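The values are calculated or read from the model by the stated rules, or taken from the named source; none is laboratory data. All figures in this text were calculated on a predicted structure; none of them were measured in a lab. When we count neighbours, we look across all protein chains shown, and the Cβ atoms used for this are built from the backbone with ideal geometry, even at glycine.
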Amino acid sequence: SKGPGACCTGCVRMCTASPAASSLPTFACGGVVSGESGFIGSEGFPGVYPPNSKCTWKITVPEGKVVVLSFRYLDLESDNLCRYDFVDIYNGHANGQRIGRFCGTVKPGALVSNSNKMLVQMTSDANTAGSGFIAKFSAAEPHERGDQYCGGRLEKPSGSFQTPNWPERDYPAGVTCSWHIVAPKNQLIELKFEKFDVERDNYCRYDYVAVFNGGEVNDAKRIGKYCGDSPPAPILSEKNELLIQFLSDLSLTADGFIGHYKFRPKKLPTTTVPPTTTTTPSTSSLKPTVALCQQKCKRSGTLESNYCSSNFVITGTVITAVTRAGSLHATISIINVYKEGNLAIQQAGKSMSAKIVVVCKQCPLIRRGLNYIIMGQVEEDGRGKVLPNSFVMSFKTKNQKILNALKNRTC
């Protein structure tokens, strides 16, 4: 509908006949740029970028500020894992943490560095190409000192992580947090989000949480990318490392999240094993035997000695108790966890619960609606196993001081 030489609105490539095109800068392959603001673009933009190239831009804004990078246009070979042509963004100029990798035509939200330096690197392969990218960088004030300190390396058997400002107020705009969880080689990591509220977007382009197998941002190992107000389903790592990355852009924010992790022993994948095989061991070991249940029902040792010898130590309220095959199957609404071990803990909102089996149904005796300190072992399926000599006693508030002291002491 337009005459010769005219450009369509939103045209991907500038028309050579247009006088505006001749005034556009021609971008080189990488470079060193500095100042309060400016533009970088792929080599030859708005023409097709060349094959087999790697271009690096080092951006520096004034000391004391942070770099904000906003893509104005993005058109690189599309691939779900961005394996062929892609743009990588890093904090700093050397050995920095990667903030993200992008390809295709969906622009990410604004990307914010944690210092006054950012590195942008575009890589292309031998095949399909597009028009490349153009992005604006600008300097911004960093957030209050406390807000930008988040992330880190987590190596304890269990722990928590949360967005800055949690739970008093919304997370700040323009932060990047990465938590690297490392378990021993023979263990896996289980990850659960208790509360989750991150700015909603159909493609999670602006604020998001991404979880990766391994210790680096690698789309080939990405388990998922999450936003909105529904917590992701529990996640189990493939090996002994997980990376959780949280990014917020410079616009809307939300409540944020708190997540919990714990180490789990490696097990054979249940998908490849018939159900009867997986249930038999735990069922048989939980069956009461005459010899076991004829023992005198009396716990031995002290609260201290049992704490160290038990797989798990919790306080909680018995909310269900059902007799099945001579044992008592109970659900415990957890008041506090002092020693988690491999006990499977379910979470719904802020409420936590666990399933235990009192192997000999009345030994020790627990009743629905009452509060107990419960110590015991853990079955392969994550259920707690309570034997006649396991340490179980009524829970009183005064017990908390002793349990807290035990929790902080190394067995």
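If you take the residues of the stretch 35-67 that are of a type in the set (Val, Ile, Thr) and buried (at least 21 other Cβ atoms within 10 Å of the Cβ), which of them is farthest from GLY174 (Cα to Cα)?
Only one residue tops the list, namely ILE40.
Pairs please, first residue from the stretch 147-163 and at pLDDT 80 or above, second anywhere and hydroxyl-bearing (Ser, Thr, Tyr) and part of a loop (DSSP other than H, G, I, E, B), Cβ atoms under 8 Å, 6+ apart in sequence or on different chains.
THR163/TYR171
Conditions (1) touching a Ser or Thr at 6+ places or on another chain (Cβ under 9 Å); (2) β-branched (Val, Ile, Thr), marked per residue:
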site: VAL357; (1), (2): yes, yes
site: LYS361; (1), (2): yes, no
site: TYR372; (1), (2): yes, no
site: LEU387; (1), (2): no, no
site: VAL392; (1), (2): no, yes
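Take the residues in the stretch 104-119 that are over 13 Å from PHE133 (Cβ atoms) and modelled with pLDDT under 85, then tell me which one is surrounded by the fewest Cβ atoms within 10 Å (Cβ to Cβ). Full working, then the answer.
Restricting attention to the stretch 104-119, the residues satisfying the condition of being over 13 Å from PHE133 (Cβ atoms) are 109-110, 112-119.
Imposing the further condition that a residue be modelled with pLDDT under 85 reduces the set to 109-110, 112-115.
On the way: GLY109: 22, ALA110: 21, VAL112: 25, SER113: 27, ASN114: 23, SER115: 18.
Ranking the candidates gives SER115 first.
Checking the structure you have, find out if any residue of the stretch 136-143 is without any contact (Cβ under 8 Å) to a residue 60 or more places away in the chain and more than 30 Å from LYS407 (Cβ to Cβ).
Going through the stretch 136-143, the residues without any contact (Cβ under 8 Å) to a residue 60 or more places away in the chain turn out to be 143.
Of the ones still in play, those that are also more than 30 Å from LYS407 (Cβ to Cβ) are 143.
Yes, the conditions are met somewhere in the stretch 136-143.
Could you list, in sequence order, all residues of the stretch 67-103 that are modelled with pLDDT of 85 or more and assigned to a loop (DSSP other than H, G, I, E, B)?
LEU76, GLU77, TYR84, ASP85, GLY92, HIS93, CYS103
Checking the conditions here, which among ILE356, ILE366 is in contact with a strand residue (DSSP E or B) (Cβ under 8 Å, 6 or more places away or on another chain), part of a loop (DSSP other than H, G, I, E, B) and aliphatic (A, V, I, L, M)? Steps first, please.
Numbers: ILE356 fails: part of a loop (DSSP other than H, G, I, E, B).
The match here is ILE366.
With the condition kept exactly as written, say whether any residue in the stretch 283-296 is at pLDDT 80 or above and either crowded, with 17+ Cβ neighbours inside 10 Å or part of a loop (DSSP other than H, G, I, E, B) (or both).
Checked against the condition, which is being at pLDDT 80 or above and either crowded, with 17+ Cβ neighbours inside 10 Å or part of a loop (DSSP other than H, G, I, E, B) (or both), the stretch 283-296 yields at least one hit.
Is there a residue in the stretch 370-379 that is touching a strand residue (DSSP E or B) at 6+ places or on another chain (Cβ under 9 Å), modelled with pLDDT of 90 or more and more than 18 Å from LEU343 (Cβ to Cβ)?
yes
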